[in-house]
Amino acid sequence: MRRGRRKTITPAGLLLVVVGFLALTMIVISPAMANARSLDGAGTASLENSPVTPVAPSAGDAGSTQGEAGVSTASGGGIGIPGFPVINRINCLRQCVSTTRPTRGAIIGIQGKNLERATSVVFRSKGGRIRAKIRTRSRGAVRVTVPKRATRGYVFVIDSTGNRSNRSPRELRIFPISAIPIEVFPVRGPFSFGSSGSRFGAGRPGHIHQGQDVSATCGTRLVAIRKSKVVYNQWDDGGGNYVVLRNFGSNTNFVYMHMIRRSPLRVGQVIGAGTPVGRVGNTGRSYGCHLHFEYWVGPWQTGGRPIDPLGYLRSLLDK
Ligand SMILES: [Zn+2]
């Protein structure tokens, strides 16, 4: 058998290689740096897409959102070569512990740039890297199912020409399904979402309707949807007997109005999902027995804003 000849490199050849390498480095680095500076204002998540965890990262926990942005910049997340796929942020959309905490089998949304030709997302697993095929894609976002064998780690995207994105700005932590908080539909008896007049945004004398009315017989039991803290339990001439519950681990509040009598809950009390809150009534400015339900992102009446809760309420019925 013939052994391969040793190659010799002349000084001139060596110089050529070094100059070529430096030129390539400049081409790659300068647009990447320009790109990194423009990534501070990462996109926001869609509330509607997150039935399990209603908090919007933008309006929810301001502290942690800023923290994420800081980590993203510091770790170089989002640095990319023009035309190459870029990951800016990851949100859990379905089967989530929270918007940043997916479970195995969860659907996650990856936001970034140049994602229209993305074909797969690469996760870490115990046996090495595993690829997951993308479910839906657009220029700015893709969706993918977290593989059952995926473990904690950075992820990246691969496109149809084999281009690899930057790694995700943060490690993706993956949780068991048992970590998902239990959620319960608040009205424990026959009910109706009513017609257009019951909807969020419907006209009311002097204001618009800030919640969803759920009609049910007076006396029907009402329970906490999620683990939460009682922040108000009082009377209002409009809302009648009402309570406001702040959801644990997120800056969102659920409001129950027109209850038949004062809730037995104490302000400051922490209650689990399914804890009795009161009973459907017709107190305050109310015309017929119903629960007036509001869903606030941020503090109720003091800086937060109400959102349409109907989609969320419907999603609870599927569980
Ligand atoms: Zn109402």
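The values are calculated or read from the model by the stated rules, or taken from the named source; none is laboratory data. Since the structure is predicted, the reported quantities are computational estimates derived from the model, not experimental observations. All Cβ positions, glycine included, derive from the backbone under ideal geometry; neighbour counts span all protein chains shown.
Annotations
- Qualifying positions in segment 170-192 - hydroxyl-bearing (Ser, Thr, Tyr) and either touching a helix residue (DSSP H, G or I) at 6+ places or on another chain (Cβ under 7 Å) or more than 17 Å from Leu313 (Cα to Cα) (or both): Ser178
- Within segment 183-200, the set of residues being surrounded by fewer than 16 Cβ atoms within 10 Å (Cβ to Cβ) and in contact with an Asp or Glu (Cβ under 7 Å, 6 or more places away or on another chain) comprises just one member, Gly194.
- Selection status of Ile130, outside the structural domain of Ser250 (by TED's automatic domain parsing) and surrounded by fewer than 20 Cβ atoms within 10 Å (Cβ to Cβ): yes
- Within segment 252-292, considering residues that are under 22 Å from the mean Cα position of the chain (by Cα) and either within 16 Å of the ligand (Cβ to nearest atom) or buried (at least 23 other Cβ atoms within 10 Å of the Cβ) (or both), the one farthest from Tyr232 (Cα to Cα): Thr252
- Residue within segment 242-252 that is at pLDDT below 95, part of a loop (DSSP other than H, G, I, E, B), assigned by TED's automatic domain parsing to the domain that holds Gly274 and over 30 Å from Arg124 (Cβ atoms) present: yes
- Test: Thr145 is over 22 Å from the mean Cα position of the chain (by Cα) and not assigned by TED's automatic domain parsing to the domain that holds Met259: no
- Flag if Leu245 is over 25 Å from Cys96 (Cβ atoms) and more than 16 Å from the ligand (Cβ to nearest atom): no
- Selection from segment 217-242 of residues that are away from the ligand (no atom under 13 Å from the Cβ) and crowded, with 20+ Cβ neighbours inside 10 Å: Thr220, Leu222, Ala224, Ile225, Arg226, Ser228, Val230, Asn233, Asn241
- Residues that are farther than 26 Å from Thr252 by Cβ and assigned to a strand (DSSP E or B) do not occur anywhere in segment 99-107.
- When residues of segment 148-167 are limited to those that are more than 19 Å from the chain's Cα centre (by Cα) and under 18 Å from Gln95 (Cβ atoms), the one surrounded by the fewest Cβ atoms within 10 Å (Cβ to Cβ): Lys148
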